Amino acid sequence: MNAIAGNIARIQSGLPAGVTLLAVSKFHPVKALREAYDAGQRVFGENRVQELLAKQPLLPPDIEWHFIGTLQINKVKYIAPFIHTVQSIDSPALLKEVDRQAARCNRTLRVLLEIHVAAEPSKHGFSPDECRTLVRNAPADAYPHVRIGGLMGMATFTDDMEQVRQEFRFLRALFDELKPVAGDAFDTLSMGMSGDYPVAVEEGSTLIRVGTSVFGEREA
Ligand SMILES: *Cc1c(COP(=O)(O)O)cnc(C)c1O
């Protein structure tokens, strides 16, 4: 078994049923993604449009690609034909453009709403109240080509795991609050990365986004 396959097997063996491992492959070469694919990995995440567009055609078509980075409105059109889920929806304007581009491709696109819970101002996302307003008050036909599949969040980058845990707990509570309003498609809570995913899973994550612990350090 190669190192990547071993990493995936080790992470998977510690995950409860119902928690998905998304392999964050940003900055890693196609060869590394192929190793993960050959080990059975099918869900991958990238955070830059150019890099995703370069890799996607070189890899098998049954990969489920998630976009997890800041997405400029004028770049949505490039990924709309094949992206499975846009996890990083952080404004109504971006949601509207995803809806528009999905319609042009005759697709319905799955999105997650990114929630700002971390203490750093640099992290993107809706405030909890903006998110509540969007989920509760958007008219049913406002985004006909979009399915809101849940929430995504990033904890503060800190060694204080108690703070991280509280942020994840808050996200789970918001997810549980909105689920009855949002409907059946709302089934994903994306939280947890290499440094904090065990805590995220304990607090109710359903999808962890793991880069370094799968592929090793990135050469940025
Ligand atoms: C890079 C990235 C990850 C993965 O980070 P690791 O610490 O390498 O696991 C997860 N989520 C987002 C949004 C990222 O940009």
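Computed values, structure above
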read-out	value
Total residues in segment 27-64, condition farther than 21 Å from PRO81 by Cα, in a loop (DSSP other than H, G, I, E, B) and in contact with a strand residue (DSSP E or B) (Cβ under 6 Å, 6 or more places away or on another chain)	1
The lone exception for LYS123 - which of (1) modelled with pLDDT of 95 or more; (2) touching a His at 6+ places or on another chain (Cβ under 7 Å) it fails	(1)
Unique residue being within 16 Å of the ligand (Cβ to nearest atom) and surrounded by 19 or more Cβ atoms within 10 Å (Cβ to Cβ) when the list is VAL146, VAL98, VAL164, VAL135	VAL164
Close pairs (6 angstrom Cβ cut-off, 6 or more residues apart or separate chains): touching a residue at least 40 places away in the same chain (Cβ under 8 Å) and closer than 17 Å to GLU217 by Cα in segment 186-200, of a type outside the set (Val, Ile, Thr) and within 13 Å of the ligand (Cβ to nearest atom) anywhere	MET193/ARG209; ASP196/ALA155
Set GLY216, GLY211: member being crowded, with 20+ Cβ neighbours inside 10 Å, within 13 Å of the ligand (Cβ to nearest atom) and closer than 23 Å to PHE67 by Cβ	GLY211
Among (1) closer than 27 Å to ARG169 by Cβ; (2) more than 16 Å from the ligand (Cβ to nearest atom) - the single one ASN74 does not satisfy	(1)
Residues located in segment 6-26, provided they are over 18 Å from GLU217 (Cβ atoms) and not in a strand (DSSP E or B)	ALA9, GLN12, SER13, GLY14, LEU15, PRO16, ALA17, GLY18, VAL19
Criterion: within 18 Å of the chain's Cα centre (by Cα) and not hydrophobic (A, V, I, L, M, F, W, C) - qualifying residue of GLU167, GLU219, GLU162	GLU167
Boolean, GLN50 is more than 14 Å from the ligand (Cβ to nearest atom), more than 27 Å from GLY183 (Cβ to Cβ) and more than 12 Å from the chain's Cα centre (by Cα)	yes
GLU177 over 15 Å from the mean Cα position of the chain (by Cα) and exposed (fewer than 13 other Cβ atoms within 10 Å of the Cβ)	no
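The values are calculated or read from the model by the stated rules, or taken from the named source; none is laboratory data. Values in this document were obtained by computation on a predicted structure and should not be read as measured data. With ideal geometry, Cβ positions are generated from the backbone for all residues, glycine too; neighbour counts draw on all protein chains shown.
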